[in-house]
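The values are calculated or read from the model by the stated rules, or taken from the named source; none is laboratory data. Bear in mind that the values here come from a model prediction, so they are computed numbers and not experimental data. Cβ sites come from the backbone with ideal geometry, for glycine too, and all protein chains shown count toward neighbours. These area figures cover heavy atoms from the full protein model, side chains too; ligands, DNA and RNA do not enter into them. Shrake-Rupley method; radii C 1.70, N 1.55, O 1.52, S 1.80 Å.
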Amino acid sequence: MRYGIIGSGAIGGYYGGKLAKSGQEVHFLFRSDYVYVVSHGLQIDSCDGSFHLDRVNAYSRTKDMPPCDVVLVCLKSVNNHRLKDLLPPLLHEHTLVILIQNGIGVEADVQRDFPGVQLCAGLAFICSAKTEPGCVNHQCYGSINLANYSCRDEALVQAVAEEFRKAGIETGLVEYHEARWKKAVWNMPFNGMTVALHTQTDLLLKNPATRQLIRDMMMEVVGAARQLGVKGVDEDFVEKMIKMTDEMPPYSPSMRLDYDFHRKMEIHYIYTRPIEIAREAGFRMPKLEMLEAELRFLSFS
């Protein structure tokens, strides 16, 4: 299949790079890195084995890219307003768009703008950062779960998962709501807390007070998911996420990097929407509501 990557940074660069290395036809949209990648290629420094793509199908505009069978949208969700211009040139009748983005409610909003387009959620469990032009630093993990949102052909989602696996990417197929709320169990505490306390994930868990606070926030997400009838999001999963983070190297999540580099933070989909959805269902997340308020203050300071 032919793949298109919108947002060729830490996430899109890594997954797109792995697919290209495995022999798939991959077309990358770059912004500031475009000229560099055309001249120097794309470097993936990875804990699982580094590699370099000498020749990259690189573009600075989607209107110059061919229609694709699968489009990976790896933009930060704060830039989703740009999809109205970026996405149409890449679409054909059967294109599957995979939103590898953080938060709750992303697919519903994109579907409203593109009513007939087939959507799938991509939930990446990865520590990765773009450290310099044309270079992705993959620190650990790297698996992805795909969750069908509106794809009319389940076999297409399965085929994409198989091509990801052949590229060396651990890939699961999961139920949509379970997938999104499971990702929120990690995202909602760690993204905001690393910003509010100006720290990294390891120090939050080494301190007994913040370790307990992280766990309390995770359990608020579990409570919201249960109230909404979502299966598979429970206390055992919380313990799994804490153990996983204990074993990670010190890490600054995407929101912390956005704050450090004075970029707009993804507060709406990571915090505001899930808090609203839970409240409408009769469940409050008071600690996460407070964290959201702190992040909104910091976003204007």
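Quick notes
- Checked against a 22 Å cut-off, the cross-linked pairs K76/K182; K21/K166; K76/K166; K18/K182 give Cα-Cα distances beyond that limit for K76/K166; K18/K182.
- Inter-site label distance for Y36 and F300 at 7 Å from Cα along Cβ, in nm: 3.5 nm
- In this structure, the amide hydrogen of Y149, modeled 1.01 Å from its nitrogen in the peptide plane, lies closer than 5 angstrom to those of L119, C120, A121, counting only residues at least 5 positions away or on a different chain.
- Per-residue [θ]222 nm for the chain (sum of -39500 (n - 2.57) over DSSP H runs n ≥ 4, rounded to 500): -13500 deg cm²/dmol
- Listed values (i) 27, 22, 19; (ii) 30, 22, 18; (iii) 36, 27, 16, entry calculated as semi-axes √(5λ) of the Cα gyration tensor in Å: (ii)
- Vicinal HN-Hα couplings computed from phi for the stretch 53-61 (Karplus, 6.51 cos²θ - 1.76 cosθ + 1.60; Hz; Gly/Pro x): 9, 6, 10, 10, 6, 10, 9, 9, 9
- Cut-off under 5 Å, modelled amide H: who pairs with G172 long-range: I144, N145, L146
- Share of carbon and sulfur in the accessible heavy-atom surface of the stretch 20-79 [1.4 Å probe, %]: 42 percent
- Average accessible surface area per residue within the chain, 1.4 Å rolling probe, Å²: 44 Å²
- Pair D85, V174: separation of 7 Å Cα→Cβ label points (nm): 3.4 nm
- Mean Cα-pair separation over length for the stretch 98-141, i.e. relative contact order, pairs under 8 Å, 6 or more apart, %: 34 percent
- Considering the stretch 38-172 at the alpha-carbon level, its Rg and Dmax are found to be 15.3, 40 Å.
- For the chain, the longest principal axis of the Cα atoms and the long axis of helix 176-196 meet at an angle of about 70 degrees.
- Table column - 3J(HN,Hα) (Hz), the stretch 241-256, Karplus curve with 6.51, -1.76, 1.60, x for Gly and Pro: 5, 5, 4, 4, 6, 4, 8, 6, x, x, 9, 9, x, 4, 5, 5
- Long-range amide H partners of K130 with built H, under 5 Å: A10, N137
- Backbone HN-Hα couplings from phi across the stretch 205-211 [Karplus 6.51/-1.76/1.60, Hz, Gly and Pro as x]: 8, 6, 8, x, 5, 6, 4
- For the chain, relative contact order (Cα pairs under 8 Å, six or more residues apart, normalised by length) works out to 16 percent.
- Of the trypsin sites (Lys or Arg not before Pro) in the stretch 54-110, those whose Cβ has at most 10 other Cβ within 10 Å and which sit in DSSP loop: R55
- Alpha-carbon centroids, the stretch 127-186 and the stretch 217-280: separation in whole Å: 17 Å
- Förster radius 25 Å - calculated FRET efficiency between I277 and E132, Cβ distance, rounded to 0.05: 0.05
- Looking at the stretch 47-160, the DSSP beta bridges with both ends there are about 60 percent antiparallel.
- Within the stretch 116-187, percent of DSSP bridges classed antiparallel, to nearest 5: 80 percent
- FRET efficiency for the pair A155 and S60, taken as 1/(1 + (r/R0)^6) with r the Cβ-Cβ distance and R0 = 35 Å, rounds to 0.55.
- For the stretch 180-278: relative contact order, % (alpha-carbon pairs under 8 angstrom, 6 or more apart): 39 percent
- Taking the alpha carbon gyration tensor of the stretch 228-301, multiplying each eigenvalue by 5 and rooting it gives semi-axes of 23, 21, 9 Å, largest first.
- Surface share of carbon and sulfur [accessible, 1.4 angstrom probe, percent] for the stretch 155-218: 53 percent
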